[in-house]
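First the structure, in the form of structure tokens, and then the observations on it.
The values are calculated or read from the model by the stated rules, or taken from the named source; none is laboratory data. Computed from a predicted structure; not experimentally measured. Cβ placement follows ideal geometry from the backbone for every residue including glycine, while neighbour counts extend to all protein chains displayed.
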Amino acid sequence: MKRSFGFIRRERLYILLLIFVMLVSAITVASNREAARAKEATVKAVEKRPEDDQLLKRRQIEDLLQENKPLAVIFTITSLLILLVLFLGLVIDVILFSRRFSGRTIDIRTSYLDAAKWGVWDVGKVAILFLFFGYMLVIIESVLIRVFPIIKNDDLRMVFNSSVLDTLTIVFILYFTVVQYKEKLRSVGIAFKNFSKNVFYGIIGYVATLPLLFLILIITAVVANFFKYVPKEQVVVELFMRQDNPVFLIYTSVFAAIAGPIVEELFFRGFMYTAVKKHVGIFWAAVISAAFFAGLHAHPVGFLPIMVLGILLAYLYEKTGTLVSSITVHMIHNFSMVLLVFMAKSVKGM
């Protein structure tokens, strides 16, 4: 009991922030539910069956590809490249498994991970600070929206808030590791020794995992189709599809493909995985950090593939001792998704 009271007294600031975050979250969820019910009641009368809508889109794409030969060539080349990469992934998997079964170890370590001084509660503190400042940004913007009409632009505000919060996340992590615990940057995976070699390991790891990711995605899609579940587009995808401002699209693409992976790898692998590993070991730390990573993206159909990707990222971080390989994988994956979204956007705009 004394330890509990001591903890509360010592960490009262973060506990108060957590209470604030929980209250605002509850209010937000309640208001979103009411808005969703109102929207559903409004569009229910004119709503199409999902299968009819999908059939219509498929026919529109087929007609477009028949009419637009250059676009058809681009789609054909893209499809062949995807098949080639998947085949290359299978070849790499066969080579890796054969080496494994023959008893030849694969050593890709280029740096060493020290035991972290920070703990799971420190990870919780960063998460609490992230959510608190996220809500504070929204509250401040709601007050300033009359003075600065540009804030009414939801897309601009979302990108701005994400940029600010990602910057703050880096500051929080470096504060707890470098300032509070006097650790070196290497403790959170920031090490550039054998940089090109680690980039290569990341590329090989990603290509080798693609066949498994593709298989899981197909199975998930089949199950979702069986239950007549049509997932909503992710918020970022919707943003790309409705925006036409080139400056906005370039900044958002760079943010999604470069800045986002760096921040997420620093938090989920360098900070969270390292802290959790002290309590549950390498395997469960990889699974737990990957589950939180997949949950952050909040997309039911993509949860399992993203979780598998998260486990790969933790594996590469553990084996190489640096975030370079995992950041490489994350950047390649996000950049590929951005390209696919732009291709879908080009089809939709024609």
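Overview of values
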read-out	value
Residue within the stretch 71-79 that is under 30 Å from residue 181 (Cα atoms) and surrounded by fewer than 16 Cβ atoms within 10 Å (Cβ to Cβ) present	no
Qualifying residue in the stretch 100-114 (condition: part of a helix (DSSP H, G or I) and modelled with pLDDT under 95)	yes
Test for residue 214: is it surrounded by fewer than 16 Cβ atoms within 10 Å (Cβ to Cβ), out of contact with any Cys (no Cβ under 8 Å at 6 or more places or on another chain) and among the aromatic types (Phe, Trp, Tyr)	yes
Residue list for the stretch 306-350, filter: within 13 Å of residue 261 (Cα to Cα) and in contact with a Leu (Cβ under 8 Å, 6 or more places away or on another chain)	309, 323, 325, 326, 329, 330, 333
Among the candidates 305, 300, residue that is in contact (Cβ under 8 Å) with a residue 12 or more places away in the chain, closer than 20 Å to residue 213 by Cβ, buried (at least 16 other Cβ atoms within 10 Å of the Cβ) and not hydroxyl-bearing (Ser, Thr, Tyr)	305
Of all residues in the stretch 224-256 being of a type outside the set (A, V, I, L, M, F, W, C) and within 20 Å of the chain's Cα centre (by Cα), the one that is nearest to residue 154 (Cα to Cα)	238
The stretch 174-190 - residue that is among the hydrophobic types (A, V, I, L, M, F, W, C) and under 16 Å from residue 313 (Cα atoms) and, of those, surrounded by the most Cβ atoms within 10 Å (Cβ to Cβ)	188
Qualifying position, being within 17 Å of the chain's Cα centre (by Cα) and either free of Cβ contacts under 8 Å to residues at least 12 places away in the same chain or assigned to a helix (DSSP H, G or I) (or both), among 259, 221, 208	259
Residue match in the stretch 142-153 (condition: modelled with pLDDT of 95 or more and of a type in the set (S, T, N, Q))	no
Pairs, first part of a helix (DSSP H, G or I) in the stretch 1-27, second loosely packed, with under 11 Cβ neighbours inside 10 Å, C-beta under 6 Å, six or more apart	none
Residue in the stretch 160-175 that is nearest to residue 253 (Cα to Cα), counting only those that are at pLDDT 95 or above and among the aromatic types (Phe, Trp, Tyr)	172
Number of the exception - residue 203 against (1) crowded, with 18+ Cβ neighbours inside 10 Å; (2) out of contact with any Gly (no Cβ under 7 Å at 6 or more places or on another chain)	(1)
